[in-house]
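Asker: Once you've had a glance at the structure underneath, I'll fire off some questions.
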Amino acid sequence: MNHVPNEALAAVDAFGEGHLRGDPPAVRERLRSDLRVRITANGDGQTALCRFETEHARAPPTLRDRGSFLATYVDGIDERLREWGVEPPEAYEYRETVDGTHRYEGTLSLP
């Protein structure tokens, strides 16, 4: 079952298409009330940063460690990225907490 909002999938599609043209737009979308995704190209044409931001009482080492329900959102984003030939990381790792929001990041490999 796909829980990812259509607006987020459309933003990932715009990123994938933009990469093919050489100008991928940043992705900044809310996946649910406590989860957001951010994707920005690194400028080298080969990688991009993907960050998930979440508000929760705990911050496990990887995002998928938060549980299977949240993982369905991450899997949906990763699946759409793969459709564009973008390879997501094996795991989105905890980086920091800013104003109560936990940030998990990974490097995407662009086609």
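The values are calculated or read from the model by the stated rules, or taken from the named source; none is laboratory data. All values reported here derive from a predicted model rather than from experimental measurement. Reconstructed Cβ throughout: ideal geometry from the backbone, glycine too, with neighbour counts over all protein chains shown. Surface accessibility is based on the protein's heavy atoms, side chains included, excluding ligands, DNA and RNA. Shrake-Rupley method; radii C 1.70, N 1.55, O 1.52, S 1.80 Å.
Asker: Output the residues belonging to region 68-94 that are of a type in the set (S, T, N, Q) and closer than 21 Å to ALA10 by Cα.
Answerer: Hit for region 68-94 is THR72, nothing else.
Asker: Here's a follow-up. Take region 70-90 and flag every residue that is without any contact (Cβ under 8 Å) to a residue 60 or more places away in the chain and not aliphatic (A, V, I, L, M). Outline the logic, then answer.
Answerer: Step one: list which residues in region 70-90 are without any contact (Cβ under 8 Å) to a residue 60 or more places away in the chain, which gives 70-71, 74-75, 78-79, 82, 87-90.
The answer is ASP75, ASP78, GLU79, ARG82, GLU87, PRO88, PRO89, GLU90.
Asker: Turning to a different aspect of this structure: Restricting attention to region 63-75, which residues are open to solvent by less than 30 Å² (accessible area, probe 1.4 Å) and either of a type in the set (S, T, N, Q) or farther than 17 Å from VAL98 by Cβ (or both)?
Answerer: Within region 63-75, GLY67, LEU70, ALA71, TYR73, VAL74 meet the criteria.
Asker: Could you tell me which residue of region 99-111 is nearest to VAL12 (Cα to Cα), considering only residues that are hydroxyl-bearing (Ser, Thr, Tyr) and either open to solvent by less than 30 Å² (accessible area, probe 1.4 Å) or assigned to a helix (DSSP H, G or I) (or both)?
Answerer: Among residues in region 99-111 that are hydroxyl-bearing (Ser, Thr, Tyr) and either open to solvent by less than 30 Å² (accessible area, probe 1.4 Å) or assigned to a helix (DSSP H, G or I) (or both), the one nearest to VAL12 (Cα to Cα) is TYR104.
Asker: Here is a further query. Which of the numbered conditions does GLU96 fail, given that it passes all the others? Conditions: (1) in contact with a strand residue (DSSP E or B) (Cβ under 8 Å, 6 or more places away or on another chain); (2) touching a residue at least 24 places away in the same chain (Cβ under 8 Å); (3) acidic (Asp, Glu).
Answerer: Condition (2) is where GLU96 drops out.
Asker: Looking at region 45-52, is at least one residue of a type in the set (Lys, Arg) and over 11 Å from the mean Cα position of the chain (by Cα)?
Answerer: no
Asker: Residues in region 60-93 that are closer than 14 Å to GLU105 by Cα, among the charged types (D, E, K, R), at pLDDT 95 or above and part of a helix (DSSP H, G or I): how many?
Answerer: Here the count works out to 1.
Asker: Moving to a separate point now. Restricting to region 1-57, and then to whatever is among the hydrophobic types (A, V, I, L, M, F, W, C), in a strand (DSSP E or B) and open to solvent by 30 Å² or more (accessible area, probe 1.4 Å), can you tell me which residue is farthest from GLU90 (Cα to Cα)? I'd like the intermediate steps shown before the answer.
Answerer: Step one: filter region 1-57 for residues among the hydrophobic types (A, V, I, L, M, F, W, C), giving 1, 4, 8-12, 14-15, 20, 26-27, 31, 35, 37, 39, 41, 48-50, 52, 57.
When the remaining residues are screened for being in a strand (DSSP E or B), the result is 27, 31, 35, 37, 39, 41, 48-50, 52.
Adding the requirement that they be open to solvent by 30 Å² or more (accessible area, probe 1.4 Å) leaves 41, 49.
On the way: ALA41: 18, LEU49: 14 Å.
Only one residue tops the list, namely ALA41.
Asker: Find all pairs meeting these conditions: Cβ atoms under 6 angstrom apart; at least six residues apart or on different chains; first residue within region 33-44 and closer than 16 Å to ARG80 by Cα; second residue part of a loop (DSSP other than H, G, I, E, B) and small (Gly, Ala, Ser).
Answerer: THR40/ALA26
Asker: Those residues that are of a type in the set (A, V, I, L, M, F, W, C) and surrounded by 14 or more Cβ atoms within 10 Å (Cβ to Cβ), I need them from region 76-98; list them, please.
Answerer: Filtering region 76-98 down to residues of a type in the set (A, V, I, L, M, F, W, C) leaves 77, 81, 84, 86, 91, 98.
Those that are of a type in the set (A, V, I, L, M, F, W, C) and surrounded by 14 or more Cβ atoms within 10 Å (Cβ to Cβ): ILE77, LEU81, TRP84, VAL86, ALA91.
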